[in-house]
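J.: I have a structure here, written as structure tokens, and I will follow up with some questions on it.
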Amino acid sequence: MVTTASREQLLMELYKSAFPAVAKYVARLGGTLDDARDVFQDALVIYYEKAVAGNLNAADDKAYLLGIAKHLWFKNFREGNTTVPLQDDVLTLADEAKEQVSTNKVLQYLQTAGKRCMELLSAFYYDKLPMKEAAGKFGYAGERSVTVQKYKCLEKVRETVKQQSLTYADFIE
């Protein structure tokens with residue numbers, strides 16, 4: 001059972017981790033900090049409603065929330081509105097956010113880290129393999145070693161993305 005305190009904790013963590021990216025995105029498209037706050041809060045409400053209804057199946061909560069916010073702001077920006085009303089049809093935007101990311105493009109950049117990194121990242125993120133088990137499976141001395149290796153693998157991918165000046169839009173179909 002999820003307590004009110006744990007829900008508040010999750011929402012605060014999401015706010016702290018995802019809001020700066022939303023604010024940057026909104027600012028890039030000519031919005032203000034208040035616009036970013038409005039869009040982010042609407043996105044947070046949509047995220048929360050989907051989670052409570054059991055319709056949330058996102059691997060990365062922050063990315064999912066960011067996708068919702070981007071779609072809301074894009075809709076707002078395209079229509080030239082200063083506010084984005086919360087309607088039932090807006091709730092479907094959350095589903096569209098995850099469907100539009102090109103899996104092939106993401107995999108292409110993940111593969112730049114190498115086969116062993118792909119296996120490690122896949123075991124951790126998709127198979128939800130605990131670090132202790134991953135250490136044994138991949139032959140590392142302990143949890144700390146596999147954690148460091150996972151970080152190095154992610155850094156390889158980040159460096160490739162950075163070198164090629166890729167943005168979120170580069171991964172959308």
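Where a number appears in this text, it was derived from the coordinates with a stated rule and is not lab data. From a predicted model like this one, the values you see are computed outputs, not experimental measurements. As a convention, Cβ positions derive from the backbone with ideal geometry for all residues, glycine included, and neighbour counts pool all protein chains shown.
J.: What distance in nm lies between label points placed 7 Å from Cα along the C-beta direction at Lys128 and Ala63?
T.: Going by the 7 Å Cα→Cβ label model, 1.7 nm.
J.: So, one more: Beyond 21 Å, how much of the Cα-Cα pair distribution for the range 103-171 remains, as a whole percent?
T.: Tail of P(r) above 21 Å: 27 percent of Cα pairs.
J.: Determine ³J(HN,Hα), in whole Hz, for all residues of the range 124-129 in sequence, where each value follows from phi through the Karplus function 6.51 cos²θ - 1.76 cosθ + 1.60 and θ = phi - 60°; x replaces Gly and Pro.
T.: So the J values, rounded to whole Hz, are 6, 7, 9, 8, 6, 6.
J.: Continuing with the same structure: Would you pull out the residues with amide H under 5 Å of Leu129's amide H, same chain only if 5 or more places away, H placed 1.01 Å from N?
T.: Answer set, sorted by chain and number: Phe124.
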